[in-house]
Every structure is written in structure tokens, then in C-alpha cells.
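To keep things clear, I will list the structure first and then write my remarks on it.
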Amino acid sequence: MTRYFARKLGLYVLAFWAGVTIDWAIPRLMPGNPIAAYVDRFALNSQGPWTALYKLFDKAFGYNLPLWDQYWHYWDNLFHGNLGISLYAFPEKVTTMIAQAAPYTLALLVPAILLSYVLGNRIGAMAARRKVLDNTVLPLGYLFQAMPYAWLALAAAFYLAAVEHWFPVEGGYAAGLASGFTWAYISSLLYHWFLPFLTVFLVSFGGWSIGMRNLVIYELETDYARYLRALGARGRLVRRYAYRNAVLPQLSGLALQLGTVIGGNIVTEVVFNYPGLGHLIYTAATDQDYALLQGIFIFIIVGVLVANFVIDIVYIWVDPRTRLSMQGAAA
Amino acid sequence: MSLSVENLRIAYRTLRGDVQAVDGVTFAVADREIMGLAGESGCGKSTLGNSLIFIEGRMKHVGGTVELDGKALPISDDRAMNHHRMRDVSIIPQYAMSALNPTKKVGTLAHDLLKSRGMKLAKVLPEFRRRVALVGLPENVLEMYPFELSGGMRQRATMVISTLLNPSLLIADEVTSALDVSNQRAVGELLTEFRDLGYVKSMIVITHDLSILAQIADTIMVMYAGKLTEKASASTMIDKPLHPYTQALLSSLPEVGVRYEDRELTGIPGRPPSLLSPPPGCRFRERCPFAYDKCVEDPPFMELLPGHQVACWKAADDVAGGAGREHNEASATPSGGAGDASPERGPSLGARAGKGAE
Ligand SMILES: Nc1ncnc2c1ncn2[C@@H]1O[C@H](COP(=O)(O)OP(=O)(O)OP(=O)(O)O)[C@@H](O)[C@H]1O
Ligand code: SF4
Ligand SMILES: [Mg+2]
């Protein structure tokens, strides 16, 4: 058991190392010179100050060092919780900016993912044996799942916000409101949160419910289900077993989905102008703010790895077969 | 009389029409009788066995009645059957290796199953453990997951669970086919032991392995393309089968572990007819070396000799013309008249005498 966990943990550390290294390498492999681009913005018309400024920033960001040293510094800084300084919001620290944006993204994604997963599984399982549900939820599920997410988000933002004015599409809360534990502030937060949350929820709910419906139908046809029914077990028991077994592939699917949901989230936050990490990525990318971009990616890498690790542990807990293979691995 | 089946018809609904997998089957199984059920793959053995306990979605009860211990068995009423399942009729299904939920411990599964039926595992636990030991499973098997067991162990576990409530009738579908030879023997012996100990009153043992039937069966019944062809005591079936199909099936058997599918049916080329729209008359006609005019009519499943039922015109003629004696093989001209009693014995039948079970 401990050996199994040690191995798993080793794999996660390896994944983390690879992620961080790629994250570090990408801006350095990309065409273009971010420092030069940044200095260009000051619109200096003579070469002298330009070079001086360039050298200054180059040194400040450490780009003048040999690559190897840059790499070391990167890790060193990382372990000291230092993700560098943003170019675009100079001299704001990247960590500060992430800390400001992350709560919005987490508040959006965590409930949307968990709620769509739980409800999708429940309703999908029900649809597997109730015609009425199967004929209503399923087509809707297919619709939401097949719809390009950006399209759904844009449609919602356009009709429900821009045309009908039912919802806002501006920031995380009403402009000018002082943050604090006040009803006005919290309700404003919820009001701004609702539409982006709903679109993310609907899209992944469609996917989960369809997947679960098909898995439960499959499980109800398996030999163990037939055997139970042949021996006179009540439908409730058969369904309970089927649900429990059908959830396993869904759980692996959840782990896989976590990575891609981040990408989709950029669209959400840009469309709804929601001040989370997705929006920050968009800004950083358009402004060629590599330090900020790298910092956010590291945050995401860590987040996805931690979430996957949690799912791994839950999986071991719910599927006894993984426990056996663990004993095999430890032997 | 333990089980009595009257003109049972079971079909599968398919897109191309109904497949008549069991087509008018009448037979009985006595108390303490172990009846072997044999026949080529796809002839409807499992369908017949399954229909006695669980008619699932795609299956359709077209007609016929089933009686168990003098009371009608409501096979087409899924709810009403629940009461009888496991208690009166039970099954070790053909898929026994995968019959246990992979994510539940054997003991948990038994507990959940009994609880779902309004019973308590605790009540039968001592008996459960005794039987686990009897079939040679380790004591802690109740705390094990199915995937921790070998195929043979899973089969035995299924056997114990299925018979936990001492059913009147047990259907054992291919319980030996996936096992190695020594295990086949052992499981065969266990089946008779279960009967002898009174865990099960009577049994239908479906198998491809006639040597197992020679070992354990009291009677053997053979099916061909959804219909019964012959039923008699095991020794009669092995020594003196009357139906040409049975003769072909048994002609070089029994040999330990040999499945009749593994050999060609000697001298009988061809395949069984489609059950989607079977041809009229004797279903074996296409392949039967003795087929004659009369065979365009469906031969009835009749008791030709005491305790020996056969569905074959020629066998009927033979018996009527004095079975048991050797006849000359000259009159090979078949004639259509029912009155024509000139019997014609197949060469293999004469040669078979005395070739008993080893
Ligand atoms: N689910 C199904 N849908 C349609 N047809 C089926 C189905 N199951 C079985 N059949 C058909 O019914 C016939 C009898 O099948 P059955 O399983 O009873 O044969 P069997 O004698 O048990 O064969 P085996 O020895 O291979 O187990 C076959 O011709 C098969 O094609
Ligand atoms: S009835 Fe005719 S065709 Fe059928 S087995 Fe007998 S002899 Fe052959
Ligand atoms: Mg079968």
C-alpha cells in the first residue's frame, strides 16, 4: 500500500517537474522577444534609452543569464513562492494577481464540475430506466454536449445579458461596490456568477448524464445483473450495484475532464468578462506577459495534479480491483 | 414428479423476426433425477434452462406450461416468479464465471441478495460455510472479491450461492466446460453430492461433455434445433440410442473431456437449420442419412419403449417392427406409407451395440 502510494506520488512529482519545465521553456522557445516588445511600448524614439531600458528589464527578469542558471533560478523562486513580476501590470507580483483571480475561477468551476457530475450521474442513471426522463433529459443532454461551448456562452451572454438585461456581463460584482461581508456585495457576486456558472454546468451536465445513462444500461445487461435477477433479487439491489459499477468509469472521466475544463474556462471568463484566471490568461497572452502566463500555468498544473491525486485516492477506495493490483505491485 | 414441462415454446425477439429457440418441448424430471441435456451449440439448451427461472427482456414465452412439485410455475410473470427463484428453482448459469459482481465480496453479495429477498444471511451462514468447505473453497472466500478467485473457484462460489436455499430444481448450465479435466470430474461429483445431501432435489445438467453425463446423469435428453429428439436413461442413451442424431452425437463417445463439437458429427455433414424460419417436418432431415418421405412431417416425441422417448419416424418404425433384433440392411428403399413396417437400421446402430461408457 505505501509502496503503491510512493509510486503514484513519484509519478505525480515527475508530471509536476515536466509541467514546470515545459512551462519554463515555452516563452524561451517562442519567436519574439518579450522584453523587446515591452520596451517598445514606451515608444522611445532614440536607440540609447531603449538599450538602457532593455538591459535593465533583461536583468530584472533574469533573461541575461545562461539558460541553465535561468532554469535553476526559476525552480529556486518557485520554491520560495516567487512567480515573478507581471510585465503588464508592472510591478505587481504574479502571485498577488493569481491570488486575486483564483477565487473567482474556483468559485465558478468547483461547484459547476461537482454539481454537474453528481446530478449528471443521478439523472443519467434514472434516465436509463425511465422512458419519460430518457425522452426529455437525454435529447437536452445531447444538445448541450454537442453544442460548441463558446457558442452556448455567447448565446447566453447575448440574449440573457445584452438583449434582455437579466444578467450582467461585467466583472465579478457591480462596479463601485465595496467588498466586504455585506448582502449587497455577496448578492452582486452571486448575480454576476450565475450565468457563467450555468453555462459551464449545463455543458458538462449533458456529458455526464449521457455517459451515465449508457453505462448504467450496459451494467444492467451484464452477467452479474442477470444472475441477481435470476435469483430473485429485487430491482433496487440490481440498480444499486449497476450504479456503483457505472460510476467507476465516470470517475476516471472526471480526472480526465479536469485538464480540459480549464481551457474551456478561458472562453467562459472572456465571454462573460469574469475576472478569474481564464480572463487573466487571456490578458497575459494578448499582452505577451510571459511571467504572468507561466505563473498561472503553474497554478493550474498544481491544481490539476492535486485534483487528480484526490480522484486517484477516491478510486482506490471505491474500486476494490485497484486495491488488488496494488498488492500485486507491492509484492 | 418434480418438474413437468408441457409443450413449452420460447422465442427471442430479433429485428429479423422471432427466433423459436425452444419449440414445443414436453418432458418431465422426477424427484432426485439428474437429467443431462445435450445437443449442438445453439440448439436451445440454455434457453430452455433459463426460461424455467428467468425470462429476460428479449425472450418471449410463446406457450406451454411448467409445473414444479405439483404447482404451476408462473414463468412468464416476472414478479410472481421472484418468490420461486432460488427457493424452488435455481440456476448456475452458463456465464457462471462472470455471474458475481466484481466489486462486491462474495459474502457481501450473498448478504445483499438474501436481504433483498427478505432473508438474513446470518441465518444460513453456518450452512453457507459448511458448503464452501464442501466444494473445496478456502474458508475466507466470503471476504474475497470475485477477481481474487480463479474461474473454477468463481464457479463453485456461484454453485454454493445458487443452492443456498435448497431448491427443488437446479439448472446447471455448462458448469464443467471451462474447467480442466480433473476439475470437471470434481465438479461433476459435487453435483451428485449436492443431490445426495438433499441440497437440491432434482437437476438439469446442460453440457457439451457427454462423459460428464455418463458419470453423473440418471437420464439424458437430447435437443436438436429447438426440439427434443430423444430422452432415456443414461445407459440406454449411450448404449442403444434410437434417434439418428443421437447416434451420430454419441458414436465415438464418451471419452473424458471430449466435447462433441470438437469432432465432426461422423458422416453427417451440414449444419442445423435456422431457427428463424425452420423448415417443416423433421428438423434433422437435411442431414439425416435415413430420411425418407414421411420425414416431411414433424415426428412426434413419443415413448417408443418404456422410459425411452424418441422423435423419429424411422425409429418408430424400427421399434414397431421389432427393435432389438438385427435386420438385414438390404431393404434400403424407403417407402412413404405409414403401414410399411420394413425396418431399416443404420449401419452404425448395429455396430454400436456394446460400446458402452468407459
Ligand atoms: N439474445 C438472443 N437473441 C436472439 N437470439 C438468441 C439469443 N440468445 C440465443 N439466441 C438464439 O437461440 C438459439 C438457442 O440459443 P441457446 O443459447 O439456448 O443455445 P445453447 O444450446 O445453449 O448453445 P450453447 O451450447 O452454445 O450454449 C440459438 O440459435 C441462438 O442463436
Ligand atoms: S424423422 Fe426422418 S429425418 Fe428425422 S431423424 Fe428420423 S429418419 Fe431422420
Ligand atoms: Mg448454452
Qualifying residues in the range A:184-217 (those that are of a type in the set (Ser, Thr, Tyr) and over 22 Å from the mean Cα position of the chain (by Cα)) - the one least open to solvent (accessible area, probe 1.4 Å): A:188
Six or more apart or on different chains, Cβ atoms under 7 Å: show the pairs whose first residue is in the range B:173-194 and acidic (Asp, Glu) and whose second is within 16 Å of ligand 3 (Cβ to nearest atom) and not in a loop (DSSP other than H, G, I, E, B). B:173/B:46; B:173/B:49; B:173/B:91; B:173/B:92; B:173/B:206; B:174/B:206
Being farther than 15 Å from residue B:50 by Cβ and assigned to a helix (DSSP H, G or I) is the filter here; which residues of the range B:159-180 pass it? B:159, B:160, B:161
Might you check whether a residue that is among the hydrophobic types (A, V, I, L, M, F, W, C), within 12 Å of chain A (Cβ to nearest Cβ), assigned to a helix (DSSP H, G or I) and over 25 Å from residue B:188 (Cβ atoms) occurs anywhere in the range B:141-154? yes
Count of the range A:79-93 residues which are part of a loop (DSSP other than H, G, I, E, B), open to solvent by 70 Å² or more (accessible area, probe 1.4 Å) and either under 17 Å from residue A:298 (Cα atoms) or touching an Asp or Glu at 6+ places or on another chain (Cβ under 7 Å) (or both): 2
Flag for residue B:91 being touching a residue at least 12 places away in the same chain (Cβ under 8 Å), within 16 Å of ligand 3 (Cβ to nearest atom) and more than 9 Å from every other protein chain (Cβ to nearest Cβ): no
Does residue A:252 satisfy the criteria of being among the polar types (S, T, N, Q) and touching a Gly at 6+ places or on another chain (Cβ under 6 Å)? no
Can you tell me which condition residue B:37 does not meet? The list is (1) within 16 Å of ligand 3 (Cβ to nearest atom); (2) under 20 Å from residue B:141 (Cβ atoms), and all the others hold. (2)
From A:241, A:227, which residue is within 9 Å of another protein chain (Cβ to nearest Cβ) and touching a strand residue (DSSP E or B) at 6+ places or on another chain (Cβ under 9 Å)? A:227
Residues in the range B:24-34 that are more than 16 Å from ligand 3 (Cβ to nearest atom), under 21 Å from residue B:208 (Cβ atoms) and outside any loop (DSSP other than H, G, I, E, B) total 3
Which count do you get for residues in the range B:26-64 that are away from chain A (no Cβ under 14 Å), surrounded by fewer than 23 Cβ atoms within 10 Å (Cβ to Cβ) and within 8 Å of ligand 1 (Cβ to nearest atom)? 3
Test: residue in the range B:7-22 that is open to solvent by 10 Å² or more (accessible area, probe 1.4 Å), farther than 30 Å from residue B:193 by Cβ, aliphatic (A, V, I, L, M) and more than 16 Å from ligand 3 (Cβ to nearest atom): yes
Qualifying residue in the range B:82-95 (condition: at positive phi, crowded, with 20+ Cβ neighbours inside 10 Å and away from ligand 1 (no atom under 16 Å from the Cβ)): yes
Could you tell me whether the range A:151-167 includes any residue that is open to solvent by less than 40 Å² (accessible area, probe 1.4 Å), of a type in the set (Gly, Ala, Ser) and not in a helix (DSSP H, G or I)? no
From the list B:53, B:91, pick out the single residue that is closer than 18 Å to residue B:117 by Cα and not in a loop (DSSP other than H, G, I, E, B). B:91
What number of residues within the range B:181-215 are at pLDDT below 90, open to solvent by 20 Å² or more (accessible area, probe 1.4 Å) and not in a helix (DSSP H, G or I)? 0
Can you find a residue that is away from every other protein chain (no Cβ under 14 Å), part of a helix (DSSP H, G or I) and farther than 20 Å from residue A:105 by Cβ anywhere in the range A:185-204? yes
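The values are calculated or read from the model by the stated rules, or taken from the named source; none is laboratory data. All values reported here derive from a predicted model rather than from experimental measurement. Don't worry about glycine lacking a Cβ; one is built from the backbone with ideal geometry, like all the others, and counts go over all protein chains shown. The protein model used for the area step is the full one, side chains on, heavy atoms only, and it has no ligands, DNA or RNA in it. Shrake-Rupley method; radii C 1.70, N 1.55, O 1.52, S 1.80 Å.
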